[in-house]
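Step one of this worksheet: look at the structure below.
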Amino acid sequence: MEDIHSILINVLSNIVWLPVGAFLAYIGFFFSVRLPHRALWQVKDPANLVICASTSTTTNTGVYNRPATGIGQVRALALALRSLHHAYHKHLDIRNILLSTDHLQERIESDLLILGSSKTNAVTARFLELLEDEQPAKVIDSLIIWRIHKAGGQWVDQGAIEYEGSAMKRQVVNDYGLIVRAYNPFTSRKRTAILFSGSHTYGTVAAAKFFTENMQGLLRKLTKDGRKNFVVLVSTQVVEGYPTRMKVERSYAW
């Protein structure tokens, strides 16, 4: 009887402590994983997040023109979705994945994730244009321009540094990725826009990879004075289409 009594006590103890353990595990996960990812993305309405990828090519099928995005944008999106899932889980609803040739209309006023350079994504071009007076980065085709001087409170091109990926034997071996997280300039509502762009397609992957895997330490530095918007330029070596040895070249917050 004493053995049965001990067994029953152990069973009841396990039943009581099981939900307590699960709750403590969830609290640990929330503070160590979910909260840091939410601080990174700052998405206000994840259920209506709009993803706008560049239109890298258009194929004539004989019946219609079929637009498609590039490999860099696809890989960047995969990295972003994994991080977004950690941040928002059940609140995240990824239904609005559009190409830059699609008409965003009222959806442009939502939280935005923009993929690709201004060369192939008109939304990127307009986004950077609207922020041109507030931050130092500009993009012209495959060239990323980082302005370092101001005159009369305005950024000027004089003395700006130019960054462009390089290729060898028709393969990209070095590239640059541009990350921008800022308020959405297309709306007066409190919404966030995040841009992953590159000098070439692998720079876009590098931007997403650095943002989702390495941004936490730099984020604390950039936002320590209450600043919420930032732009970061990273360099990367490209090995068989994969970005490696990423390094922060420039950063600015406002």
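The values are calculated or read from the model by the stated rules, or taken from the named source; none is laboratory data. Worth saying up front: this structure is predicted, and the values here are computed from it rather than measured. Note: ideal-geometry Cβ built from the backbone for every residue, glycine included; neighbour counts use all protein chains shown. Surface areas here come from the heavy atoms of the whole protein model, side chains and all, with no ligands, DNA or RNA. Shrake-Rupley method; radii C 1.70, N 1.55, O 1.52, S 1.80 Å.
Listed values, structure above:
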{"quantity": "Search result, residues across segment 188-216 that are open to solvent by 20 Å² or more (accessible area, probe 1.4 Å) and outside any helix (DSSP H, G or I)", "calculated": "S188, R189, K190, R191, H200"}
{"quantity": "Single residue of segment 17-46 satisfying the filter (modelled with pLDDT of 95 or more and over 14 Å from the mean Cα position of the chain (by Cα)) that is least open to solvent (accessible area, probe 1.4 Å)", "calculated": "D45"}
{"quantity": "Tabulated pairs, segment 72-88, first in contact (Cβ under 8 Å) with a residue 24 or more places away in the chain and small (G, A, S), second open to solvent by 30 Å² or more (accessible area, probe 1.4 Å) and not in a helix (DSSP H, G or I), C-beta under 8 angstrom, 6+ apart or interchain", "calculated": "G72/H200"}
{"quantity": "Scan of segment 157-187 for residues that are open to solvent by less than 40 Å² (accessible area, probe 1.4 Å) and either without any contact (Cβ under 8 Å) to a residue 60 or more places away in the chain or not polar (S, T, N, Q) (or both), ordered by number", "calculated": "A160, Y163, G165, V172, D175, G177, L178, I179, V180, R181, A182, P185"}
{"quantity": "Of residues in segment 217-254 being aromatic (F, W, Y) and in a strand (DSSP E or B), the one least open to solvent (accessible area, probe 1.4 Å)", "calculated": "F230"}
{"quantity": "All positions within segment 63-120 that are part of a helix (DSSP H, G or I), charged (D, E, K, R) and open to solvent by less than 50 Å² (accessible area, probe 1.4 Å)", "calculated": "none"}
{"quantity": "Test: residue in segment 134-147 that is more than 22 Å from L40 (Cα to Cα), crowded, with 23+ Cβ neighbours inside 10 Å, more than 18 Å from the chain's Cα centre (by Cα) and at pLDDT 95 or above", "calculated": "no"}
{"quantity": "Answer residue from segment 121-133, given it is open to solvent by 10 Å² or more (accessible area, probe 1.4 Å) and in a loop (DSSP other than H, G, I, E, B) and is farthest from S197 (Cα to Cα) among those", "calculated": "D133"}
